[in-house]
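This report refers to the structure that appears directly beneath it.
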Amino acid sequence: WKGRLVFKSTRSKYKKVDSGGRYRNNIGKRIIHNTQWIKDYKFIITFENCSYPGYCTEKIGTGFKANTIPIYWGDPRVSENYNDKSFINCNNYSDFDKAIEQIIELDNNDDKYKQMLVEPWLINNKIPYELSDENYIKRFNTILHEVRCKNSV
């Protein structure tokens, strides 16, 4: 949370940051399904709750699906699966001010913004095994099997 607050307050010095969540909501209503809501924005802040290798949730994908640029912080290995040219990876900057400089540059340069927007989201434009349906089904079946075994004892 602390990183999100620091980032939002710093970003707000440049432009107003709309927040549709429970915390610091400034739009008058809570947004539950945000893909439709954010489609009119150029950027979305997609910060994880913590930074841990391999912990990358659906947040980054929300921005991609809405055709907006995710501003991501969290998994230090996120660029192993996602193309760094398709989003702002705050992990690549020494501090949030440097990331915000990049955001301001993209916001003021339509050509650079559009170039980032059309970049493929995934490395080599290919779904890695870790993000594949096959992997999720395998993991789900493993969990289901463990639950069945515990309940049958």
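Quick notes
- Single residue of region 75-92 satisfying the filter (in a loop (DSSP other than H, G, I, E, B) and among the charged types (D, E, K, R)) that is surrounded by the fewest Cβ atoms within 10 Å (Cβ to Cβ): Arg77
This table checks each residue for (1) within 20 Å of Val17 (Cβ to Cβ); (2) aliphatic (A, V, I, L, M).
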site: Lys98; (1), (2): yes, no
site: Ile104; (1), (2): yes, yes
site: Asp107; (1), (2): yes, no
site: Asp111; (1), (2): no, no
site: Leu117; (1), (2): yes, yes
site: Ile123; (1), (2): no, yes
site: Asn135; (1), (2): no, no
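- In summary, Gln36 fulfils each of the numbered conditions (1) part of a helix (DSSP H, G or I); (2) modelled with pLDDT of 75 or more; (3) open to solvent by less than 60 Å² (accessible area, probe 1.4 Å) with the single exception of condition (3).
- All positions within region 87-121 that are over 22 Å from Tyr14 (Cβ atoms) and of a type outside the set (Val, Ile, Thr): Glu119, Pro120, Trp121
- Residue check, Ile71 of a type in the set (A, V, I, L, M, F, W, C), surrounded by 22 or more Cβ atoms within 10 Å (Cβ to Cβ) and more than 23 Å from Tyr136 (Cα to Cα): yes
- When Asp95 is tested against (1) open to solvent by 100 Å² or more (accessible area, probe 1.4 Å); (2) over 15 Å from the mean Cα position of the chain (by Cα); (3) of a type in the set (D, E, K, R); (4) under 30 Å from Arg24 (Cβ atoms), just one condition goes unmet, and that condition is (1).
- Total residues in region 101-138 satisfying the condition of being part of a helix (DSSP H, G or I), surrounded by 13 or more Cβ atoms within 10 Å (Cβ to Cβ) and touching a helix residue (DSSP H, G or I) at 6+ places or on another chain (Cβ under 6 Å): the figure is 4.
The values are calculated or read from the model by the stated rules, or taken from the named source; none is laboratory data. Note that the structure is predicted; figures quoted are calculated from it, not measured. In this analysis, Cβ positions are derived from the backbone assuming ideal geometry, glycine residues included, and neighbour counts consider all displayed protein chains. Remember, those area values only see protein heavy atoms, side chains included, never the ligands or the DNA or RNA. Shrake-Rupley method; radii C 1.70, N 1.55, O 1.52, S 1.80 Å.
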